[in-house]
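Inspection log for the structure reproduced underneath, given as structure tokens.
The values are calculated or read from the model by the stated rules, or taken from the named source; none is laboratory data. In this text the structure is predicted, and so the values were computed from the model without any measurement. FYI the Cβ positions are ideal-geometry reconstructions off the backbone, even for glycines, and counts take in every protein chain you see.
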Amino acid sequence: MAAYTARTLGLASSIIGLAAIAAWLGLAHSCDPATGEAVVAGRVIIAPALADQVRPTDVLFVMVKRPGSPRPVAATRIEHPQFPVAFELTNADVMVQGSELRGMLDVVARLDRDGQAGPAQPGDIEGRYAKNPTLPGGRNFEIILDTVH
């Protein structure tokens, strides 16, 4: 019985340790503590070397996707962005009714030249959250637009 208890305590302490590491790395989000709602919020900035490529007609899309999937779970469209740009995605922004912001997600932003949703086109500038994949629930996501298609 004592060996079983020691093994159980060891396993429990390992799980607690992994949860602590995930929280420290910024991976352990679940919901906004203030509202209890699933949220992905933060800001998008543009790499200084690309700042002169922003046009007044550009549109900024901020999306969350399942890892490995090209389709967004949720997205927001920001016309005429002035950087840095604050963003917030909630369950109100999901693409398919009945879906939710939950589970592992990739957070991506694209400065789109033609303003049309869809795959990146030549000239579009994209960036990703550095700690992708992550969980929803944070308000400190920072995305740097640094990749030109």
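Please tell me if residue 106 is acidic (Asp, Glu) and outside any loop (DSSP other than H, G, I, E, B). Criteria met by residue 106.
Residues that are surrounded by fewer than 19 Cβ atoms within 10 Å (Cβ to Cβ) and touching a strand residue (DSSP E or B) at 6+ places or on another chain (Cβ under 6 Å) within the stretch 107-117 comprise just one, 115. Scanning the stretch 118-131 for residues that are surrounded by fewer than 17 Cβ atoms within 10 Å (Cβ to Cβ), closer than 14 Å to residue 62 by Cα and either in contact with a Pro (Cβ under 9 Å, 6 or more places away or on another chain) or in contact (Cβ under 8 Å) with a residue 60 or more places away in the chain (or both) yields a single hit, 119.
In a residue-by-residue description of the stretch 37-49, the property of being of a type in the set (Gly, Ala, Ser), more than 16 Å from the chain's Cα centre (by Cα) and at pLDDT 95 or above applies to at least one position.
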